[in-house]
Structures are given as structure tokens and as C-alpha cells.
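The structure appears right after this line, and notes come after that.
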Amino acid sequence: MRLQLNVIKIKDIEFSGKTALSNGQLLIDREELRRLILQDTRLEKVDIELAHPGEKCRILHVCDVVEPRAKVGGEGVDFPGALGEKGVAGQGTTCVLQGCSVVTTLYAKEVEGPRDPNGEIIDMSGPGAELTPYGQTHNVVILPGPADGVNPLEYRVAIKTAGLKTAVYLASAGREIEPEQKIVYDLPRLTETGPSDNPLPRIAYIFQILSIQHGIIPNDPILYGLNVNKMLPTIIHPNEILDGALISPFRAWGMETYGIQNHALIRDLIGKHGRELQFAGVILTIASDNEHENERSAIMAGNLAKWVLDADGAILTKSGGGAPEVPLALVARRCEQLGIKTTLG
């Protein structure tokens, strides 16, 4: 599976009468974008604002951050499933607008439902801006309001959809522009990198993508447009993760879609493949809220790592706060029982 990212670096963004890209400046037709977002009947209104690095601005109640990306040519689909169209991620060519982000917010304070009492914030200046990459990006902030009678959980799905639509809309302006950088991810098939072919250690990444400790949103389009509640451990190609097959679950602290698109650990493992290690693959898991399901997931994840990916070592990461550490530890224990060395990222 070969994925090419055509990277265009954005130096500034501003509103204009037409959405276009020229010499690193992204011009945005605010009214056209507003009409696109309001095609979703779950939303009644939407404000769109810009936030620049160094500006005295704080963005409140952040739901997600997305890097603007759009497929180039006919191979692959933008955020497959999540935007309605089914298809494949992880292959073909994707235009990437680097240096800007789409930030979605829970704008309607009157809506009931799950809310972090502290809220998630992005500071564009001061000490807080140094604590997040989004203090250094030019941000298009989407503030949508729900239509009358819309279920609070469906409103949250609509917010997420608005952010993904905006990301594709903006990146589409760069499809025909010559990129400043081309990044290619082209791992060989797993069957071509067995132990007999290469003495380097085989390393798997076990990626916990969701904790259901605080409940779930039924239509949250997390993996290829579907919710992952009750999901069994699943093997996925690293390219699919980097190219929009997986998006951030609602209330997944510290795991924005932007971070998944630019997953540092996966990119590092791909970069080290064939030199320091063999990247054996990725296993997706979730953290359940009961012992039986966590034990089952640990057994299956360990077995996939050992008997399918033939891993010598595994890196594990968690999603959310303290409760997900329990299933994480169970997976690590199962891997160690099978002779797979583990470490936590």
C-alpha cells in the first residue's frame, strides 16, 4: 500500500471572495464554506473565525482539530465513511496543507450532555501557546449551533462532520498546485519481511483508540465511519491511520484527529523500518468498562501480535485517563507471557 502526501506549507490565511491558494497564502470564501457546513440539517447556524499565531486569542470548548487534507486523483476517499462515501484510505495521493488547522468547538452552551467542566482550550499567544502545536498553526475555527430538536449526541456528531468537511474543502484548493514536499509511505507486505529474510526485530504497535468509561456516542464515526464500541482487536495498515480511516472519538483527551493524521510514533516506526527494526503492523484496541471484555481483548491482541504479526516486541499506548491503564496492562501482560517484549509510549 503506497501513500503519497503532497505537502503545501501555509504561511497565512484570510477571508476572501474566493477560496484559493497562492504563494503559501490560503484565501477562504467564508460564505461558501458556511453554506457547505449548513447542508447538514442538524445545524442551524455556524460562525467561522480565524485565529493566528501570536494573536491575543483563546479558543474555548475545543472538540477536535483536523489538518486540511484532500485526495488527489481517483484513488482513495476523503475520510471514508465519516463523510458518507465508502472507500479506502491509505493509498494514492493526498494534498496536505501544513501549518494550518481546522478547530471545531462545542459552541452551544445550552446543549445538555457530556462536557468536561474545565473545557479544552487553545491559546494563540502567551505561555499556553507553547504547550500545543495548535498555538503555532493558522486556525480556521468552526462554531456550529444545533437546529431545534436535535439530540445533543447527534449535535456532537454534526460538529465532527463539519470539521472534516471543512478540512477537505480547504485542502481541495491545493490539489492542482505543485507541492513543496512529497512524502511517501510504502511499506512492503508483511509476508515479505519475515524473520528468515531479515534479522532485525519485528515491532508491533498496539494502539488503544478509545476508552468507553464515560459512555459512547452511537453514531460517532471513528473507524471508517463506524463506532468502535465492542470492537475486537483489529489489524490495520499504518497508512490507513495516517490517511483518514481513523478519526478522534469525541472526548478523547489528547488524541485529536490532527495528531492521528500526523501520528509521530507510526511515522517514526515507518522511518526506522528496514534500518533499526521491522515494522510488523498496527493492532487497534479499545478500553472497555468491564473485566470480561478487557481480558478477552488482551488475549486476542496478544495472539494477533504473536501468531499473526510474529512480533518480537510491542509498543502500547492508551487513550484517556486512568481507567484505560488497566486494559493496557492486561495486553502487556499477555504479550510478555507469549515472549513479546513490551514498552509503553
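The values are calculated or read from the model by the stated rules, or taken from the named source; none is laboratory data. Small disclaimer: the values here were computed from a predicted structure and weren't measured. Note that we place each Cβ from the backbone using ideal geometry, even for glycine, and neighbour counts take in every protein chain shown. Just the protein is used for accessible areas: all its heavy atoms, side chains included, with ligands, DNA and RNA removed. Shrake-Rupley method; radii C 1.70, N 1.55, O 1.52, S 1.80 Å.
Here are a few things to note about the model shown:
- Check: the stretch 1-50 dipole with +1 on Lys, Arg Cβ and -1 on Asp, Glu Cβ, in debye: 280
- With an a/c value of 1.5 or above and a/b not larger than b/c for the gyration tensor axes a ≥ b ≥ c computed over the alpha-carbon atoms, the stretch 147-233 is described as oblate.
- Loop-located trypsin sites (Lys or Arg not before Pro) in the stretch 16-70, at most 11 other Cβ atoms within 10 Å (DSSP): Lys18, Lys56
- On a per residue basis, the chain carries 44 Å² of accessible surface, using protein heavy atoms and a 1.4 Å probe.
- Label-point separation in nm, Leu226 to Arg333, each point 7 Å along Cα→Cβ: 3.0
- Across Lys11/Lys272; Lys230/Lys341; Lys86/Lys318; Lys86/Lys165, pairs whose alpha-carbon gap is larger than 22 Å: Lys11/Lys272; Lys230/Lys341; Lys86/Lys318
- Theoretical FRET efficiency, 1/(1+(r/R0)^6), r = Cβ-Cβ of Ile235 and Gln181, R0 35 Å, to 0.05: 0.75
- Applying a DSSP loop filter and a limit of 13 other Cβ atoms within 10 Å to the GluC sites (Glu not before Pro) in the stretch 250-311 leaves Glu276.
- Remark on Lys71: its backbone amide H falls under 5 Å from those of Asp78, Cys95, a criterion applied only to residues 5 or more positions apart or on other chains, H modelled at 1.01 Å from N.
- Taking the 1.4 Å solvent-accessible surface of the chain as the whole, the part contributed by carbon and sulfur is 51%.
- Label corresponding to P(r) over Cα pairs in 10 Å bins from 0, in percent when calculated from the structure given, among [x] 6, 25, 33, 25, 11, 2, 0; [y] 5, 21, 25, 20, 16, 9, 4, 0; [z] 5, 26, 35, 25, 7, 0: [x]
- Estimated vicinal HN-Hα couplings, Hz - the stretch 175-188 in sequence order (Karplus 6.51, -1.76, 1.60; Gly, Pro = x): 4, 9, 8, 5, x, 7, 8, 10, 10, 10, 10, 9, 6, x
- Whether the stretch 1-66 is rounded, prolate or oblate, judged on the alpha carbon gyration tensor where a/c under 1.5 counts as rounded: rounded
- Straight-line cross-link reach from Lys182 at under 16 Å between alpha-carbon atoms covers these lysines, not counting any fewer than eight positions away in the same chain: Lys9, Lys71.
- Computed about the Cα centre, the dipole magnitude for the chain is approximately 420 debye when only Lys and Arg (+1) and Asp and Glu (-1) carry charge, each at its Cβ.
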